[in-house]
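The values are calculated or read from the model by the stated rules, or taken from the named source; none is laboratory data. Just so you know, these numbers come straight off a predicted model, no measurement behind them. A quick note on method: Cβ atoms are made from the backbone with ideal geometry, for glycine too, and the neighbour counts reach across all protein chains shown.
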Amino acid sequence: MLERRPGLWSTLVNLRGNGRACVYTEPMWGLSMALVLPYASVYMLALGIEDRSIGLLATISTLSQVLFGLLSGAITDKLGRRATTAVFDIIAWSIPCLIWAFAQNFWWFLVASLVNGAWQVTQNSWDCLLVEDVERRTIPHVYSLVKVAGDMSAIFAPIAAVLVAQFGLVPAVRILYLNAFVIMTAKVYLLWRYSSETRTGVRRRAAVHGVPLLTILRGYRGVLGLILHSKGMLFSLAISALVASVTLVTGTFWQVAISTRLGVPDGLLPYFPMVRSLLSMGLFFTLIPWLLGGHDLKRATQWGFGVYLAGQALLLAIPVPAGAADLTTYAMLAGCLLLDAFGAGILFMLAESLVALHVDRHERSRVMAIQRTCVMLAAAPFGWFSGWLSGMDRSWPFWLTSVLLALGLLVSSTLWVRHDEAAD
């Protein structure tokens, strides 16, 4: 049974070591990638890339993540959590940002998508760096703080809007990608400067010293057996796959839908994630801690899927205006943002926390590598499929996400596995 967890503020103040370094540098994401993401899909549209091609790029990116995800456990053990995070953050973010900044056509985005898939390596190593030396009972709140840190990007959203209004969509997005290159590179340095290798990382690096990477990968067979024989890890894998699939579709086509289907001007696009992030931050310090205060996370997961589903249903119910978005459009979008802020926010935190709680702590990096690979394989087809749907009707991708969220609600209600029942 989970121990009663400390409050979010208490966790923030008392974080030390790697947990502190990871959480305290995370707001730099908001000054970099979070500024440009609201425009990523419409930027591609403006450069002449069609919906189906955008969806195809999302699938290609996901398949690249599958490959890097499979390698991530072995690389993380071989290089160590700290070094892997530094090296692959440069590869996965700094380099693609330069490619995106100067992109001219589909092929530029294809190369950037393939390279950007390396973020699955750093996601594994960064997760290990984040949680391996913190108290187990604080893990859900640590991931809550990560989400809040990412949501702090909200206060910088007007910067993007001003740039778009001043220079136009394409030039402004190019500037934002160059800014992301600088800030993400600085983030890599600061995390390296103020972190150290984890105790588990030191042991794993010593254990594989001199062992070829291919030999380490062969050991995945035994690790796969750990997953297949653990109800908890299989359950957390299913939840993560559903959340990843929904995130892939909404992250690619939400801005496209409100821009082209509902008539929202380009200059207003960054304000929607800004409002969503502000709402999410407020909820993480009020309602969400109350839901996390019990002995397990089942109720919170059910609420997450249910509320997020309600947000998608409301989005589908918004009438298409005759021209530009009207008062009714914005009022209903405001309701969507509130529901999405709760649903997407809590599901992000819970999907990560459930994996961390159920994973075999002695084989964390390799188990998480296999789990992430499976999750990406499950999510990959939804990029292309949602692009095909969007090419016919910009609302159809959200019928797809509604089905996935309903399935998540069903799985979390009927197949729940408590973390103390899982094989450790």
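Yes or no, residue by residue, for (1) among the polar types (S, T, N, Q); (2) more than 28 Å from G19 (Cα to Cα); (3) surrounded by 14 or more Cβ atoms within 10 Å (Cβ to Cβ):
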site: R174; (1), (2), (3): no, yes, yes
site: A180; (1), (2), (3): no, no, yes
site: T185; (1), (2), (3): yes, no, yes
site: S196; (1), (2), (3): yes, no, yes
site: V202; (1), (2), (3): no, no, no
site: A207; (1), (2), (3): no, no, no
site: I227; (1), (2), (3): no, no, yes
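Against the numbered list (1) crowded, with 24+ Cβ neighbours inside 10 Å; (2) of a type outside the set (S, T, N, Q); (3) out of contact with any Gly (no Cβ under 6 Å at 6 or more places or on another chain), G55 comes up short only at (3). Out of A46, A101, one residue alone is touching a Lys or Arg at 6+ places or on another chain (Cβ under 7 Å), of a type outside the set (S, T, Y) and surrounded by fewer than 24 Cβ atoms within 10 Å (Cβ to Cβ). It is A101. For region 179-208, a residue qualifies if it is touching a residue at least 24 places away in the same chain (Cβ under 8 Å), of a type in the set (A, V, I, L, M, F, W, C), in a helix (DSSP H, G or I) and farther than 14 Å from I90 by Cα, and the qualifying residues are V202, A207. Out of the residues in region 18-33 meeting the condition of being outside any helix (DSSP H, G or I) and within 16 Å of the chain's Cα centre (by Cα), tell me which one is nearest to S277 (Cα to Cα). Out of the qualifying residues, it is G30.
Scanning region 213-249 for residues that are among the hydroxyl-bearing types (S, T, Y), part of a helix (DSSP H, G or I) and within 22 Å of V355 (Cα to Cα) gives Y220, S236, S240, S245, T247. Contact annotation: residue pairs with Cβ atoms under 7 Å, 6 or more positions apart or on different chains, pairing a residue in region 217-246 that is farther than 18 Å from S412 by Cα with a partner that is not in a helix (DSSP H, G or I), are L226/D360; H229/A423. When you scan region 150-161, do you find a residue that is of a type outside the set (F, W, Y), buried (at least 24 other Cβ atoms within 10 Å of the Cβ), within 29 Å of G282 (Cα to Cα) and modelled with pLDDT of 90 or more, even just one? For region 150-161, residues of a type outside the set (F, W, Y), buried (at least 24 other Cβ atoms within 10 Å of the Cβ), within 29 Å of G282 (Cα to Cα) and modelled with pLDDT of 90 or more: absent. Pairs meeting the criteria (first residue in region 303-329 and polar (S, T, N, Q), second residue surrounded by fewer than 20 Cβ atoms within 10 Å (Cβ to Cβ) and in a helix (DSSP H, G or I), beta carbons under 8 Å, at least 6 apart or on different chains) are Q312/S402. In region 1-22, the qualifying residues are those that are among the hydrophobic types (A, V, I, L, M, F, W, C) and modelled with pLDDT of 85 or more, and the one that is surrounded by the most Cβ atoms within 10 Å (Cβ to Cβ) is C22. The residue list L226, L191 contains one member that is touching a helix residue (DSSP H, G or I) at 6+ places or on another chain (Cβ under 9 Å), closer than 30 Å to L297 by Cβ and at pLDDT 90 or above, which is L191.
Considered as a group, the residues in region 163-179 that are among the aliphatic types (A, V, I, L, M) and out of contact with any Pro (no Cβ under 9 Å at 6 or more places or on another chain) include one that is farthest from V264 (Cα to Cα), and that residue is L178. Restricting attention to region 186-229, the residues that are under 25 Å from the mean Cα position of the chain (by Cα), under 30 Å from C97 (Cβ atoms) and of a type outside the set (D, E, K, R) total 11.
Answer yes or no: is there a residue in region 136-148 that is aliphatic (A, V, I, L, M), modelled with pLDDT under 95, over 22 Å from the mean Cα position of the chain (by Cα) and surrounded by fewer than 24 Cβ atoms within 10 Å (Cβ to Cβ). The answer is no; no qualifying residue exists.
A residue that is at pLDDT 85 or above, under 24 Å from T373 (Cα atoms) and not in a helix (DSSP H, G or I) occurs somewhere in region 60-83.
Scanning region 256-274 for residues that are assigned to a helix (DSSP H, G or I), touching a helix residue (DSSP H, G or I) at 6+ places or on another chain (Cβ under 6 Å) and at pLDDT 85 or above yields V256, S259.
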